[in-house]
Amino acid sequence: MNLALGGEQLDKIYDTMKSSLIEIGVETAMLLDTAGNVITSVDDGSDRHDVYSLAALAAANFSAMRSMAKIAGEEEFSLLFHRGQKENIYLSAVSDDFLLFVIFNNEMPLGLLRLKVARVIGELLGVLITDSSP
């Protein structure tokens, strides 16, 4: 997969995350590469998270979980979920190269979020694979 993304692709990714995640109550959504670089991020306007630090830590966390999965005899664990008192983190693989990171509060039903994230990942893959092809 070509990892160089154009402006049109980034706009599609941003619009997809905004309309599918932020509009249902997600606080922050980011597309990251597996090195922890923020490809694009969108939030609910509150801008209360250090997205760059979170991105680096999320990528490291996901990498550690991939290694743990292999030790446990699994191909990989495709998602991580961390529950806090007020906010929660949902981290999911989009592809071998990209991760979707989401912060949401306890009012968001986890089942709804999982459904939306699955749809968003499908849409993101369409943008990343179709538009990145030579």
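FYI, it's all coordinate maths here, none of it is from the lab. Computed from a predicted structure; not experimentally measured. Ideal geometry is used to build each Cβ from the backbone, glycine not excepted, and the neighbour counts take in all protein chains shown.
Counting other Cβ atoms within 10 Å as a rough exposure proxy, the listed residues L110, L99 run L110, L99 from fewest neighbours to most. Taking the Cα centre of the chain as reference, the dipole from Cβ charges on Lys and Arg (+1) and Asp and Glu (-1) amounts to some 380 debye.
Within the chain, which is the longest segment containing none of the trypsin sites (Lys or Arg not before Pro) that sit in a DSSP loop and have at most 12 other Cβ atoms within 10 Å? That gives 87-134 as the longest site-free run.
How large is the helix-only mean residue ellipticity at 222 nm for the chain, computed as the sum of -39500 (n - 2.57) over DSSP H runs with n ≥ 4, divided by its residue count, in deg cm²/dmol to the nearest 500? List each step's numbers first, then the result.
Values: 3 runs with 51 residues, N = 134.
That comes out to -13000 deg cm²/dmol.
For region 7-132, the relative contact order is 27 percent, taking Cα pairs closer than 8 Å that sit 6 or more residues apart in sequence and dividing their mean separation by the residue count. Extension gain, K70-D11: 0.36 nm per intervening residue step, less the Cα-Cα distance, totals 17.7 nm. Largest mean-square fluctuation among M17, M68, M30, in a Gaussian network model of the chain whose springs join Cα atoms under 10 Å apart, belongs to M68. Exposure proxy shown here: for E107, E27, E87, the number of other Cβ atoms within 10 Å sets the order, fewest to most, as E107, E87, E27.
Of A59, A93, A35, which has the largest mean-square fluctuation in a 10 Å C-alpha GNM of the chain? Among A59, A93, A35, the largest GNM mean-square fluctuation belongs to A35. Among the lysines, which have Cα under 29 Å from the Cα of K86 when same-chain residues fewer than 8 positions away are ignored? Within the straight-line cut-off, K86 pairs with K18, K116. Residue exposure proxy: F81, F62, ordered by other Cβ atoms within 10 angstrom of their Cβ from fewest to most, comes out as F81, F62.
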